[in-house]
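Here is the structure we will look at.
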Amino acid sequence: VQLQASGGGLVQAGGSLRLSCVASGTIFGINSMGWYRQAPGKQRELVADITSGGSTNYADSVKGRFTISRDAAKNTVYLQMNSLKPEDTAVYYCNAMRFLLSHWGRGTLVTVSS
């Protein structure tokens with residue numbers, strides 16, 4: 001599984017960004033995809049994920065502000081991020097779980113200025 005993430009950038013607090021992650025290669029059997037983030041000096045943490053059945057899960061810190069969605073036909077997962085805060089600044093990584101194996105894409109940097 002190869003994962004290509006895009007959409008990061010610099011935005012002011014209160015602004016919005018949308019991240020995209022396209023899965024390619026051996027995608028049969030992917031049962032969930034999600035986004036994690038890692039801020040400087042901190043551990044990587046789950047932001048949101050979505051199962052193949054459409055069930056979603058969010059970190060408490062982003063509930064009500066971020067929305068994860070998927071387009072199965074395009075093998076793409078999106079993360080719509082609204083009302084961004086400086087504490088959302090991090091490198092965001094796309095993740096796919098396939099038969100209990102975790103696959104990672106290269107991160108995309110999101111910087112939120114105050």
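The values are calculated or read from the model by the stated rules, or taken from the named source; none is laboratory data. Given the structure is predicted, the values throughout are model-derived calculations rather than measurements. Cβ: placed from backbone, ideal geometry, glycine included. Neighbour counts: every protein chain shown. Side chains included, ligands, DNA and RNA excluded: accessible areas come from the protein's heavy atoms. Shrake-Rupley method; radii C 1.70, N 1.55, O 1.52, S 1.80 Å.
Number of residues in segment 51-66 that are farther than 18 Å from residue 108 by Cβ and either in a strand (DSSP E or B) or hydroxyl-bearing (Ser, Thr, Tyr) (or both): the value is 7. Out of 54, 41, one residue alone is open to solvent by 60 Å² or more (accessible area, probe 1.4 Å) and at positive phi. It is 41.
Sort out which residues of segment 30-50 are in a strand (DSSP E or B) and not charged (D, E, K, R), and write them in order of number.
Let us first name the residues in segment 30-50 that are in a strand (DSSP E or B), namely 30-38, 45-50.
Within segment 30-50, 30, 31, 32, 33, 34, 35, 36, 38, 46, 47, 48, 50 meet the criteria.
Any residue in segment 101-111 that is of a type in the set (Lys, Arg), in contact (Cβ under 8 Å) with a residue 24 or more places away in the chain and crowded, with 18+ Cβ neighbours inside 10 Å? Within segment 101-111 (the criterion being of a type in the set (Lys, Arg), in contact (Cβ under 8 Å) with a residue 24 or more places away in the chain and crowded, with 18+ Cβ neighbours inside 10 Å), the answer is no, since none of the residues qualifies. Pairs linking a residue in segment 69-95 that is free of Cβ contacts under 8 Å to residues at least 12 places away in the same chain and farther than 19 Å from residue 44 by Cα to a residue that is of a type outside the set (Phe, Trp, Tyr) and surrounded by 19 or more Cβ atoms within 10 Å (Cβ to Cβ), with Cβ atoms under 9 Å and 6 or more positions apart or on different chains, are 71/77.
Taken over segment 1-29, the criterion of being open to solvent by less than 50 Å² (accessible area, probe 1.4 Å), closer than 27 Å to residue 113 by Cβ and assigned to a strand (DSSP E or B) is satisfied by 5, 9, 11, 17, 19, 20, 21. Number of residues in segment 67-83 that are in a strand (DSSP E or B) and open to solvent by 40 Å² or more (accessible area, probe 1.4 Å): the value is 5.
Across segment 85-114, which residue is farthest from residue 31 (Cα to Cα) among those that are aliphatic (A, V, I, L, M) and more than 14 Å from the chain's Cα centre (by Cα)? Looking at the filtered set, the residue picked out is 112. Taking segment 84-100 as the range and being open to solvent by 60 Å² or more (accessible area, probe 1.4 Å), at pLDDT 95 or above and either in a strand (DSSP E or B) or over 15 Å from residue 36 (Cα atoms) (or both) as the test, only 85 passes.
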